[in-house]
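Undergrad: Take this structure first; my questions come after.
The values are calculated or read from the model by the stated rules, or taken from the named source; none is laboratory data. Model, not experiment: these values are computed from the prediction. Here the Cβ positions follow ideal geometry from the backbone for every residue, glycine too, while neighbour counts run over all protein chains shown.
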Amino acid sequence: MNEPLILGIESSCDETGVGIVRGTTLLANTVSSSMQEHVRFGGVIPEIASRAHLETIVPTLNEALETAEVSLEEIEAIAVTAGPGLAGALMVGVCAAKALSIATGKPLYAINHLVAHVGVALLDSSLGISAGEQLPERLGALLVSGGHTEILRVRSLTDNVELLGATIDDAAGEAFDKIARILGLNYPGGPAIDRLAKTGDRAAVKFPRALTAPKYLGSAEAPGPHRYDFSFSGLKTAVVRKVEQLEAAGEPVPTADIAASFQEAVLDVITAKAVLACQEQGLDTLLLGGGVAANSRLRELLAERTERAGIKLLVPAISLCTDNGAMVAALGSQLVAAGAAPSGIDFAPDSSLP
Ligand code: KG4
Ligand code: ZN
């Protein structure tokens, strides 16, 4: 039987992505990013991102169709990120998807961006889970990007994903971007801090590990209010204060040491809580997703800690970890295969989709 050919559109942040899959086979994953336009502001400017999506959505679509060597008429269903994300940015992708659905008469599926970050694992054949189109049964996911930092329990991609923990303020990638700016590094700050930290001492400054105090953590039997949650805004303040103190004292700012110590504070908590959640919730496999998955220290620390805990770690190719259309198409494909009803064309994008 020929598996359905699905088109996926992603526009929740600064990446315009169009992906095409057949079942769990990746045929095209075209991404156009407006990141360079945000560099001088040190962060994503929603208005600029929306305009960039408008300009690039049709060329990106055409390039994906060309790469996959399929025509629009052959596409059997259209999937689009409905949220969470930037409202105006989401609107562009959703409107494009609706227009395509009306023009081609093909069903439209509204996709949750976070669940798509998990479903993308099916497309990476090196992870060894795509053959049966089934994700591991006791699966946890750690999503870390510029827009989100979450721990999920994934029982079923199509109808049972549970949020175990999340950031209560900034996303981890956002914290990397802000600290990079303070240290005089360019946006996006994550890769810059990752590089600089390699030459620094991660024990040089003991920055706070937020939400790890007993009153937040509690115990396995009596979990505290934030056992699996994260917070990075206090850490950001601590770094700012440290830099200000050094400058006021006329001392040089050891940027590599600060970068390494900051990075360690973020990743220590993220990896420890992800492993804790897996252990306590009986999850034997952990999937890593989001742009921060590119971080070398995160990969190293998470590999160490999951191995010690007997948890299997899955890290998809980085082009599948960052925002892209293929992950949206992959989840759309799962919905079609599960016989889920299409979303119709009346749904609105939801920037804070749970
Ligand atoms: O998933 P993504 O491409 O877009 C969303 O934010 O949804 O993630 C981008 C984020 C940025 O905050 C960027 O600084 C961060 O991922 N990032 C990294 C690294 N590469 C990208 N953070 C830490 N280390 C990296 N190597
Ligand atoms: Zn994302």
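Undergrad: Pull up the range 144-156, narrow it to residues that are of a type outside the set (Ser, Thr, Tyr) and within 16 Å of ligand 2 (Cβ to nearest atom), then point me to the one that is farthest from Gly43 (Cα to Cα).
TA: Val154
Undergrad: Continuing with the same structure: Taking the stated definitions as given, is Leu276 surrounded by 23 or more Cβ atoms within 10 Å (Cβ to Cβ) and either under 29 Å from Leu135 (Cα atoms) or modelled with pLDDT under 95 (or both)?
TA: no
Undergrad: A further question follows. If you go through the range 256-301, how many residues are out of contact with any Leu (no Cβ under 6 Å at 6 or more places or on another chain), away from ligand 2 (no atom under 16 Å from the Cβ) and more than 22 Å from Gly184 (Cα to Cα)?
TA: Counting residues in the range 256-301 that are out of contact with any Leu (no Cβ under 6 Å at 6 or more places or on another chain), away from ligand 2 (no atom under 16 Å from the Cβ) and more than 22 Å from Gly184 (Cα to Cα) gives 14.
Undergrad: Please go through the range 157-181 and pick out each residue that is away from ligand 2 (no atom under 13 Å from the Cβ) and closer than 19 Å to Val39 by Cβ.
TA: Within the range 157-181, Ala175, Phe176, Asp177, Lys178, Ile179, Ala180, Arg181 meet the criteria.
Undergrad: In this structure, is Gly128 at positive phi and away from ligand 2 (no atom under 16 Å from the Cβ)?
TA: yes
Undergrad: Just the residues that are among the aliphatic types (A, V, I, L, M), more than 11 Å from ligand 1 (Cβ to nearest atom) and closer than 20 Å to Asp201 by Cα, please, taken from the range 273-302.
TA: Leu301, Leu302
Undergrad: Mind listing just one residue for me: the one in the range 187-211 that is in a loop (DSSP other than H, G, I, E, B) and among the basic types (Lys, Arg) and, of those, nearest to the chain's Cα centre (by Cα)?
TA: Arg209
Undergrad: To continue, here is another question. Residues of the range 116-156 being modelled with pLDDT of 95 or more and in contact with a Cys (Cβ under 6 Å, 6 or more places away or on another chain), which ones?
TA: Passing the criteria: only Gly140.
Undergrad: For the range 21-60, name all the residues that are surrounded by fewer than 17 Cβ atoms within 10 Å (Cβ to Cβ) and within 14 Å of ligand 2 (Cβ to nearest atom).
TA: Met35
Undergrad: Right, here's the next one. Please go through the range 137-164 and give me each residue that is away from ligand 1 (no atom under 13 Å from the Cβ) and part of a loop (DSSP other than H, G, I, E, B), ordered by number.
TA: Glu137, Arg138, Leu157, Thr158, Asp159
Undergrad: Then there's this: Return a yes/no flag: does the range 169-186 have any residue that is farther than 29 Å from Leu26 by Cα, more than 15 Å from ligand 1 (Cβ to nearest atom) and either in a loop (DSSP other than H, G, I, E, B) or without any contact (Cβ under 8 Å) to a residue 12 or more places away in the chain (or both).
TA: yes
Undergrad: At pLDDT below 95 and either surrounded by fewer than 20 Cβ atoms within 10 Å (Cβ to Cβ) or in contact with a helix residue (DSSP H, G or I) (Cβ under 7 Å, 6 or more places away or on another chain) (or both): which single residue out of Asp159, Asp194 fits that description?
TA: Just a single option satisfies the conditions, and that option is Asp159.
Undergrad: Filter the range 4-20 down to the residues that are assigned to a loop (DSSP other than H, G, I, E, B) and at pLDDT 95 or above, then identify the one that is surrounded by the fewest Cβ atoms within 10 Å (Cβ to Cβ).
TA: So, considering only residues that are assigned to a loop (DSSP other than H, G, I, E, B) and at pLDDT 95 or above, the one surrounded by the fewest Cβ atoms within 10 Å (Cβ to Cβ) is Ser12.
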